[in-house]
Amino acid sequence: MVSLRSFVLDDASALRRIVSGRTVRFTHGHDMTAEEAAVSVRRFIAHDHEVPRTHWNFAVEQAGEVIGLVKARLAGGTAYLSYLLREDTWGNGYATDAVRKLSRIVFTDGVQRIEAKHHPDNPASGRVLVKAGFVPVREAEPVTVEDGVVLLHPVYELIAP
Ligand SMILES: CC(C)(COP(=O)(O)OP(=O)(O)OC[C@H]1O[C@@H](n2cnc3c(N)ncnc32)[C@H](O)[C@@H]1OP(=O)(O)O)[C@@H](O)C(=O)NCCC(=O)NCCS
């Protein structure tokens, strides 16, 4: 349904559209600026040239258009995965498809374990992980936000087949 490809410099404006509106509510926190988008795309491209690879950053393409971002970062033998889909594309199974595809790539590159977590008020993100085969394993360290509210992010894992 979706395809994953490496970022190119021209993707900055598409990335900016993705990281805006309701999509940033549980993640970036504010609409991405043009400068932030350009810096991010340059960073993603630089990561693609790292040897050995420790970052996977892919543009999620659907019908020839970049509609999302799916990425993973390797630390201590575990790849930490996250994803963002442009708000007007939600509810079509695209995030689940992108997470499945990135997980296959990460495992093919030799990683044995992938971890992901989501904001406790974002059940759609947990549903994406479960549909992609992840299993809940624990809660992350408590995070205190404004007004002393404590958040417990559910953590999921996927082990290499
Ligand atoms: C979370 C997000 C990635 C989902 O993208 P998507 O392409 O709509 O995901 P999918 O269509 O693959 O699957 C969404 C699932 O969540 C379900 N869902 C949607 N809203 C829900 C809600 N409020 N409560 C429970 N489940 C919900 C959908 O029904 C669907 O499950 P189903 O196929 O069993 O019906 C997207 O909404 C997003 O980018 N959100 C903002 C950023 C974010 O939260 N990223 C994740 C941070 S780890």
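The values are calculated or read from the model by the stated rules, or taken from the named source; none is laboratory data. Bear in mind that the values here come from a model prediction, so they are computed numbers and not experimental data. All Cβ positions, even for glycine, are placed from backbone atoms using ideal geometry, and neighbour counts span all protein chains on display. In case anyone asks, the SASA skips ligands and DNA or RNA and just uses the protein heavy atoms, side chains included. Shrake-Rupley method; radii C 1.70, N 1.55, O 1.52, S 1.80 Å.
Per residue of segment 49-61, in order, report the coupling 6.51 cos²θ - 1.76 cosθ + 1.60 (Karplus, θ = phi - 60°) as ³J(HN,Hα) in whole Hz, putting x for Gly and Pro.
Result, rounded to whole Hz: 9, 6, 10, x, 6, 10, 9, 10, 10, 10, 6, 9, 10.
Once Rh for segment 3-159 is found with the Kirkwood sum over Cα pairs, what is the Stokes-Einstein diffusion coefficient at 25 °C and 0.890 mPa s, in µm²/s? If you can, show how the numbers build up before the last one.
Values: Rh = 16.1 Å.
Roughly 152 µm²/s, to the nearest whole number.
Starting from the 7 Å offset along Cα-to-Cβ, what nm value, one decimal, do you get for the label separation of R138 and R113?
With each label placed 7 Å out from Cα toward Cβ, I get 0.9 nm.
Roll a 1.4 Å probe over the protein heavy atoms and report the accessible area of V130 in Å², nearest 10.
70 Å²
For a quick check: with amide H placed at 1.01 Å from N, whose amide H comes under 5 Å from A140's, ignoring anything fewer than 5 positions away on the same chain?
Amide H to amide H, under 5 Å and 5 or more residues apart or across chains, A140 pairs with H153, V155.
Over segment 3-159, what is the mean sequence separation of C-alpha contacts under 8 Å (at least six apart), divided by residue count, expressed as relative contact order in percent?
For segment 3-159, the relative contact order is 18 percent.
³J(HN,Hα) across segment 76-90 via Karplus (A = 6.51, B = -1.76, C = 1.60, θ = phi - 60°), whole Hz, x for Gly/Pro?
These are the phi-based 3J(HN,Hα) values: x, x, 10, 9, 9, 9, 8, 7, 8, 10, 4, 3, 6, 10, 5 Hz.
What FRET efficiency comes out for the pair I159/R5, r = Cβ-Cβ distance, R0 = 22 Å, nearest 0.05?
0.25
Give me the tail of P(r) for segment 1-60 as a percent: Cα-Cα pairs with distance above 15 Å.
In whole percent, the long-distance tail amounts to 53.
Grab the beta carbon distance between R104 and L151, set R0 = 22 Å, and tell me the FRET efficiency rounded to 0.05.
On the way: r = 31 Å, r/R0 = 1.39.
After rounding, the FRET efficiency stands at 0.10.
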